[in-house]
Amino acid sequence: MRLRLDVAYDGTSFAGWAAQPGQRTVEGELEEALVRVLRLDGPVAVTCAGRTDAGVHARGQVCHVDVPTTAFAATSGRSSRSPELALTTRLLGTLPPDIRVRRVVVAPDGFDARFSALWRRYAYRICDDPAAEDPLRRFEILEHHRRPLDVPAMNAAAGRMLGEHDFAAFCRRREGATTIRRLLELSWERESSGLLVCRVVADAFCHSMVRALVGALLRVGEGARPDDWPARVLSGKVRDSGVNVVPARGLTLEEVGYPPADALAARADEARRKRTLAS
């Protein structure tokens, strides 16, 4: 049977989501905990909505895992708790404190954490005022950005990049993979605390795409580039040395959106097709 897990983690001490030999990863910790709690004889494979890089955090990561029905049912033991609640509780008691499983539910038919997703929402947080730096949040915010940033200029630049494009100029290419993505939202807001938050929503993301987009917009906010420069880089479809990929620690996967249950399978089929841009 397939389970959906909603997961949060502090990415500071992880070498990213994906399991790697000899490295501490979110996927590795989750899979090990599931095998232990469910008392399985062999490994399980956890699939997530978006693979986060080393140092990137998540409040709203979504995963799925296929497990034996009998092992799942047995998690309740003699208690009156549902298997979902029992498994959630046992995972929380087994996982390290920098990973939390928010809930476990039986996934509806057709659900795929990766391919059924309609969109992913990230936030990148920056402090450009040394007096406003919060030491209690230092692992989730890019601090020490000493140049004051022009929010209206960054939003003007961001607005030129919305829609479906080939984001090759802002991605680390993978052989055989498309770099066409639909950017649904890219905007900046200064909170009352003085903190700057970039909200980024797309149907999917390429490797390093969010951090490269933020890096380009920061150049505009500093006054080093005009507000049409990021869009010109985008249209060029090649990496530009002027675009700096910002550090991972300011980035958090906040939420993943899915269609209604009766549309999950169709969305997964659609997402598996390799995209091309309309001529």
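The values are calculated or read from the model by the stated rules, or taken from the named source; none is laboratory data. This is a predicted model, so every value here is computed, not measured. Quick reminder, even Gly has a Cβ in these numbers, built from the backbone with ideal geometry, and neighbours come from all protein chains shown. Just so you know, the surface numbers come from the protein's heavy atoms only, side chains and all, with ligands and any DNA or RNA stripped out. Shrake-Rupley method; radii C 1.70, N 1.55, O 1.52, S 1.80 Å.
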Checklist outcome for this item: Computed over segment 173-253, the convex hull of the Cα set has an average projected area, in nm², of 6.2 nm²
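Based on the mean of other Cβ atoms within 10 Å per residue, sort peptides 92-104, 242-254 so the most packed one is first.
Details: 92-104: 16.1, 242-254: 20.5.
Per-residue mean Cβ counts within 10 Å order the peptides as 242-254, 92-104.
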Next on the checklist: How large is log10 of I(q)/I(0) for segment 124-269 at q = 0.12, 0.13 Å⁻¹ when the intensity is taken from the Debye formula with one equal scatterer per alpha-carbon?
Outcome noted: -0.52, -0.60
Checklist entry - Amide H to amide H, which residues 5 or more places from Trp119 or on other chains are under 5 Å from it, using H placed in the peptide plane? => result Gly257
Checklist outcome for this item: Residue span Ser76 to Arg160: 0.36 nm per residue of separation minus Cα-Cα distance leaves a gain in nm of 25.0 nm
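With a 1.4 Å probe and every protein chain kept in, tell me what percent of the accessible surface of segment 102-224 is carbon plus sulfur.
Values: 2630 of 5570 Å².
Its accessible area is 47 percent carbon and sulfur atoms.
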Checklist entry - Under a point spin-label approximation (7 Å from Cα along Cα-to-Cβ), what is the Phe139-Val197 distance to one decimal in nm? => result 2.0 nm
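Counting only heavy atoms of protein chains, what accessible area per residue, in Å², does segment 70-148 have with a probe of 1.4 Å? Working shown, then result.
Working: 4250 Å² over 79 residues.
Per residue, segment 70-148 has 54 Å² of solvent-accessible surface.
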Checklist entry - Mean residue ellipticity at 222 nm from the helices of the chain, using -39,500 (n - 2.57) per DSSP H segment of n ≥ 4 over the full residue count, to the nearest 500 deg cm²/dmol? => result -7000 deg cm²/dmol
Item to check | Rough spin-label spacing in nm, given labels placed 7 Å along Cα→Cβ, for Val35 and Arg173 | outcome: 3.7 nm
Checklist entry - Say each of Arg147 and Arg239 gets a label point 7 Å from the Cα, pointing the same way as Cα to Cβ; how far apart are those two points in nm? => result 2.1 nm
Checklist outcome for this item: Ratio for segment 1-98, C-alpha Rg to 2.2 N^0.38 Å, reads 1.07
Checklist entry - Can you work out the FRET efficiency for the pair Leu85 and Ser13, with r the C-beta to C-beta distance and R0 = 35 Å, to the nearest 0.05? => result 0.80
Checklist entry - Dividing the convex hull volume of the alpha carbon atoms of the chain by its residue count, what do you get in Å³ per residue? => result 152 Å³
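How much length would be gained if the chain were fully extended between Asp129 and Glu185, taking 0.36 nm per residue of separation minus their Cα-Cα distance, in nm to one decimal? Please list the in-between numbers first.
Numbers: separation 56, 0.36 × 56 = 20.16 nm, distance 2.54 nm.
Once the chain is fully extended between Asp129 and Glu185, it gains 17.6 nm.
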Checklist outcome for this item: Expressed in angstrom and rounded, the centroid-to-centroid distance over alpha carbons for segment 195-229 and segment 238-270 is 14 Å
Next on the checklist: With Kirkwood's inverse mean 1/r over C-alpha pairs for Rh, give me the Rg to Rh ratio of segment 91-199, two decimals please.
Outcome noted: 1.05
